[in-house]
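The values are calculated or read from the model by the stated rules, or taken from the named source; none is laboratory data. From a predicted model like this one, the values you see are computed outputs, not experimental measurements. In this analysis, Cβ positions are derived from the backbone assuming ideal geometry, glycine residues included, and neighbour counts consider all displayed protein chains.
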Amino acid sequence: MTGNALFISAAHKSSGKTTFAMGLSHVLKGQGVAVQTFKKGPDYIDPMWLSSAAGRPCRNLDFYTQEHEEIVSVFQKFNADANVSIIEGNKGLYDGVDTAGADSNGALARLLGVPVLLVIDTYGITRGVAPLVKGYQDFEPDLNIVGVVLNKIGGSRHESKLRAAIELYTDMEVLGAIGRRPEMKIVERHLGLVPANEMPAADSSIARTARHIERDVNIERVKEVAAVPSPTMAENMPAAPKIGLPDIRIGIARDVAFGFYYQDDLEALESAGVELVPFDTLVDRHLPDVDGLFIGGGFPEVHLRMLEANESLRTEIREAIQNGMPVYAECGGLLYLTRHLSWQGESGEMVGIIPADAVMQDRPVGRGYVRLEDSGEGLWPGGGKFPAHEFHYAALENMAEDLRFAYKVKRGQGIDGDYDGIMINNLLACFAHQRDITANHWAERFAGFVRAQKVDSKAAMVSA
């Protein structure tokens with residue numbers, strides 16, 4: 001079975017793509033449609049909302065970290081298990097790092113052979129919507145833009161003017177007009193939207209948005225313009241790895257402070273024989289019985305008081321690392337393992353295993369794509385040079401001078417512009433977010449390292 005698909009894009013960022021894609025996915029799910037969502041680029045927060053709306057994990061598609069064949073393979077694999085796939089772009093339809101557009105949203109839609117629906121932010125626009133729409137049609141005429149949804153309209157009179165201009169000057173179909181409704185807006189802060197895992201009312205917010213979308217958009221017509229994808233290259237779908245019985249247990253921090261994980265990475269760990277054991281850094285007083293830890297990114301700065309208050313867990317994590325437990329931490333996880341974390345005039349005591357203090361800045365310190373290279377001293381090397389990404393407002397201060405690093409930074413910021421991946425005993429902590437991709441199967445290597453340490457530990461106990 002191959003599901004239909006639709007690419008949701010816009011003229012520029014903050015046009016309402018996520019809100020629309022989320023609401024549309026939930027409406028379709030409510031109609032009994034199996035919806036698979038995808039997000040272009042490296043992103044954790046939008047996929048959380050899309051996953052909640054569709055009732056199944058969102059998948060990321062990214063030109064920088066994935067080869068074209070890998071993108072097509074991932075898309076085809078999960079689209080085949082759905083009735084319809086909704087792909088949300090990032091920024092605008094023709095935006096990307098490459099000036100020629102090789103990594104743009106349009107390029108991804110073209111690669112996957114998927115029609116595009118444009119969400120247009122109409123605030124402050126009337127007749128001017130026509131050249132905007134026509135320009136997007138004509139800029140890359142081989143791209144299949146099947147319609148527009150007018151967002152943030154000011155009322156029925158505004159809507160009439162917009163529709164009249166589009167009808168007079170273009171042949172573009174208007175599939176909906178959404179009013180300015182503050183209750184549909186997802187709260188934002190320094191790294192973008194507030195993640196769904198931090199909002200107790202996330203489900204009701206999604207349902208409320210879906211009701212507005214269902215009323216203001218021609219859902220049946222949207223389903224009609226979605227089409228069976230026709231990728232521009234042959235799909236190359238490798239066989240799914242066989243998952244045997246897990247032989248190692250890795251504790252994973254899953255709570256409102258730490259929630260930045262790629263579903264593909266978690267599945268790769270499970271395929272490598274890992275049983276993932278969730279724990280809550282804010283409320284669990286003790287670590288579960290595990291062989292290693294994975295502490296991903298998130299917003300520890302927002303919850304630093306509660307993290308600080310959970311002294312017993314912080315102590316157990318510190319002692320576990322001191323005693324040689326294998327631990328991998330990314331970005332927010334790194335901050336949690338430092339001595340202190342400071343933000344907006346407040347400072348909280350953290351785990352204290354990394355000899356440095358984390359200080360949140362007013363502007364991003366590291367942002368965008370990075371490229372790392374194994375330093376040759378890593379705990380679980382094998383990646384060579386590989387792509388990753390970072391997005392952090394934090395810097396490390398009062399850092400010890402004798403630290404060891406797993407990676408050299410070839411592009412990006414990392415810890416200090418030259419290195420990333422602090423190593424202490426069997427801990428590896430970095431600002432960069434890795435993805436388990438063809439170019440970097442980090443999950444298997446980390447699992448192998450945890451397994452080897454477990455074997456060595458048992459051997460030491462026997463000999464003792």
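Structure summary
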item	result
Test: G333 is closer than 28 Å to D436 by Cα, assigned by TED's automatic domain parsing to the domain that holds P278 and of a type outside the set (A, V, I, L, M, F, W, C)	yes
Any hit, the range 78-86, residues being touching a Lys or Arg at 6+ places or on another chain (Cβ under 9 Å) and at pLDDT below 95	yes
Among (1) assigned to a strand (DSSP E or B); (2) among the β-branched types (V, I, T); (3) touching a residue at least 60 places away in the same chain (Cβ under 8 Å), the one test that V450 misses	(1)
Any hit, the range 104-120, residues being on the phi < 0 side of the Ramachandran plot, touching a Pro at 6+ places or on another chain (Cβ under 6 Å) and modelled with pLDDT of 95 or more	yes
Index of the failed condition, A100 passing every other in (1) under 21 Å from G16 (Cβ atoms); (2) of a type outside the set (F, W, Y); (3) out of contact with any Asp or Glu (no Cβ under 7 Å at 6 or more places or on another chain)	(1)
Filtered residues of the range 278-322 (kept if surrounded by fewer than 22 Cβ atoms within 10 Å (Cβ to Cβ), touching a residue at least 40 places away in the same chain (Cβ under 8 Å) and closer than 12 Å to L427 by Cβ)	Q322
Residues within the range 415-444 that are assigned to a loop (DSSP other than H, G, I, E, B), modelled with pLDDT of 95 or more and not acidic (D, E), tallied	9
Selection within the range 111-136 - surrounded by 15 or more Cβ atoms within 10 Å (Cβ to Cβ) and in a helix (DSSP H, G or I)	L111, L112, V129, A130, L132, V133, K134, Y136
Flag for E183 being at pLDDT below 90, farther than 30 Å from V327 by Cα and either surrounded by fewer than 19 Cβ atoms within 10 Å (Cβ to Cβ) or not hydroxyl-bearing (S, T, Y) (or both)	yes
Odd one out for T438 among (1) surrounded by fewer than 23 Cβ atoms within 10 Å (Cβ to Cβ); (2) in contact with a strand residue (DSSP E or B) (Cβ under 8 Å, 6 or more places away or on another chain)	(2)
Scope the range 388-414; condition touching a strand residue (DSSP E or B) at 6+ places or on another chain (Cβ under 6 Å), assigned to a loop (DSSP other than H, G, I, E, B) and either outside the structural domain of V302 (by TED's automatic domain parsing) or not aromatic (F, W, Y) (or both); matching residues	N398, M399, A400, L403, G412, Q413, G414
Test: residue in the range 74-81 that is over 20 Å from the mean Cα position of the chain (by Cα) and either under 23 Å from P141 (Cα atoms) or crowded, with 21+ Cβ neighbours inside 10 Å (or both)	no
Matching strands (runs of 3 or more DSSP E) fully within the range 249-340 where at least 1 residues are closer than 25 Å to R56 by Cβ and in contact with a Pro (Cβ under 8 Å, 6 or more places away or on another chain)	258-260, 274-279
Residue in the range 39-62 that is over 17 Å from the mean Cα position of the chain (by Cα) and assigned by TED's automatic domain parsing to the domain that holds I178 present	no
Residue match in the range 87-108 (condition: surrounded by 24 or more Cβ atoms within 10 Å (Cβ to Cβ), in a helix (DSSP H, G or I) and of a type in the set (A, V, I, L, M))	yes
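The rows are residues; the columns are (1) modelled with pLDDT under 95; (2) under 24 Å from H212 (Cβ atoms); (3) surrounded by fewer than 16 Cβ atoms within 10 Å (Cβ to Cβ); (4) of a type in the set (S, T, N, Q).
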| site | (1), (2), (3), (4) |
| --- | --- |
| I145 | no, yes, no, no |
| T170 | no, no, no, yes |
| E173 | no, yes, yes, no |
| R189 | yes, yes, yes, no |
| M199 | yes, yes, no, no |
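For (1) buried (at least 17 other Cβ atoms within 10 Å of the Cβ); (2) free of Cβ contacts under 8 Å to residues at least 12 places away in the same chain; (3) over 22 Å from the mean Cα position of the chain (by Cα); (4) under 18 Å from F294 (Cβ atoms), each residue gets a yes or a no:
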residue: G383; (1), (2), (3), (4): yes, no, no, yes
residue: F391; (1), (2), (3), (4): yes, no, no, no
residue: E397; (1), (2), (3), (4): no, no, yes, no
residue: G412; (1), (2), (3), (4): yes, no, no, no
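Residue by residue, here is whether (1) more than 20 Å from N4 (Cβ to Cβ); (2) free of Cβ contacts under 8 Å to residues at least 24 places away in the same chain; (3) out of contact with any helix residue (DSSP H, G or I) (no Cβ under 9 Å at 6 or more places or on another chain) holds:
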residue	(1), (2), (3)
V35	no, no, no
N60	yes, no, no
E69	yes, no, yes
D81	no, no, yes
A102	yes, no, yes
